[in-house]
Amino acid sequence: MYGPISMLGYPALLVRVLAMSLPLLVAGCAALTPAPTPILPPEELYKTGETELNNRRYEEARLNFRKIVERHPNSSYAPRARFYVGETYYREAEFDKAVKEFESFLAFFPRHEIADLVQYRLAMSYYDQMKPVEQDQALTQKAIDQFKKLVKDYPQSRYATDGLAKIDKCRERIAQKEVWVANYYFTQGNPSAARQRLELVLKTYPRTAVIPETLFLLAEVNFYEGKNAEAVELLRRLSVDYDFTEWGRRGKQRLNNSGLAGTKR
């Protein structure tokens with residue numbers, strides 16, 4: 001009833017079907033492949049980064065600034081973008097990361113027009129981490145070192161004046177720590193160790209606000225060791241030069257109560 005099926009026409013038919021299906025297959029694969037991410041120009045990345053920074057979206061801002069540094073390292077935007085990477089960390093109080101970025105900037109662009117700002121931020125990254133008086137003051141000393149570098153390397157900077165003021169505050173903190181330690185030694189019955197610390201403060205930090213307290217404590221050390229004449233001399237200096245302070249008034253009262261007000265060398 002039916003004749004044998006011929007296979008002779010199949011190859012041509014198969015070729016025709018494949019030829020028609022191939023464009024659809026290619027189009028389907030193309031649809032599954034993500035489009036390549038365009039490399040945006042540095043000015044557009046910078047503008048976006050600034051907007052994100054102003055809106056306190058620091059991670060998003062950092063991403064845009066990093067793209068400039070990595071994809072457009074020779075553009076005029078690259079130095080400022082590198083600074084802003086550190087700035088985002090600084091504003092997030094990620095000080096260790098901020099320090100690395102600021103140091104990297106200064107290594108690459110030590111004479112850039114914003115290098116003084118970067119040096120100031122580097123110093124502030126340590127300053128903002130200063131510990132209470134009773135704790136270690138290593139970060140305070142690092143802040144001093146970086147503020148000194150600011151003043152030395154960029155003396156005309158608008159940040160130099162504040163840098164000098166910050167140096168004074170840091171020195172005040174270290175002096176307070178020395179007096180705190182001296183007081184601890186004295187209360188523990190070690191007046192010689194207390195004396196060493198107090199004399200160091202008088203010699204190294206003579207213009208700090210802790211000098212009145214230092215004089216009072218050193219007078220107490222002298223009284224403890226039986227050096228009454230030296231103690232009286234210190235109390236007189238305290239009551240005359242620092243009479244406007246609480247320690248000056250306490251020194252005058254201590255001098256009167258000692259019964260040695262007329263003692264001379």
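The values are calculated or read from the model by the stated rules, or taken from the named source; none is laboratory data. The structure presented is a predicted model; accordingly, all values stated were derived computationally and were not measured. Glycine also receives a Cβ, built like all others from the backbone with ideal geometry; neighbour counts cover every protein chain displayed. Note: accessible area is taken over every heavy atom of the protein model, side chains too, but ligands, DNA and RNA are not part of it. Shrake-Rupley method; radii C 1.70, N 1.55, O 1.52, S 1.80 Å.
Calculate the FRET efficiency for ASP241 and ASP162 from the Cβ-Cβ distance with a Förster distance of 35 Å, rounded to the nearest 0.05.
0.75
Here is the link list: LYS97/LYS169; LYS149/LYS203; LYS67/LYS169; LYS47/LYS131; LYS67/LYS100. Which ones come out longer than 27 Å on Cα distance?
Check vs 27 Å cut-off fails for LYS67/LYS169; LYS47/LYS131.
Counting only the backbone N, which residues of segment 49-65 are under 18 Å from the spot 7 Å out from the Cα of LYS97 toward its beta-carbon?
Within reach of a label on LYS97, which here means backbone N under 18 Å from a point 7 Å along Cα→Cβ, segment 49-65 contributes 49-50, 52-65.
Sort 233-245, 209-221 for me by packing, meaning the mean count of neighbouring Cβ atoms within 10 Å per residue, highest on top.
Averaged packing, sorted descending, gives the order 209-221, 233-245.
If you roll a 1.4 angstrom probe over the protein chains with everything in place, what fraction of the accessible area of segment 156-265 belongs to carbon and sulfur, to the nearest %?
Within segment 156-265, the accessible surface is 47 percent carbon and sulfur.
What order do you get for 114-126, 47-59 when each peptide is scored by the mean count of other beta carbon atoms within 10 Å, highest first?
With the highest mean Cβ count within 10 Å placed first, the list reads 114-126, 47-59.
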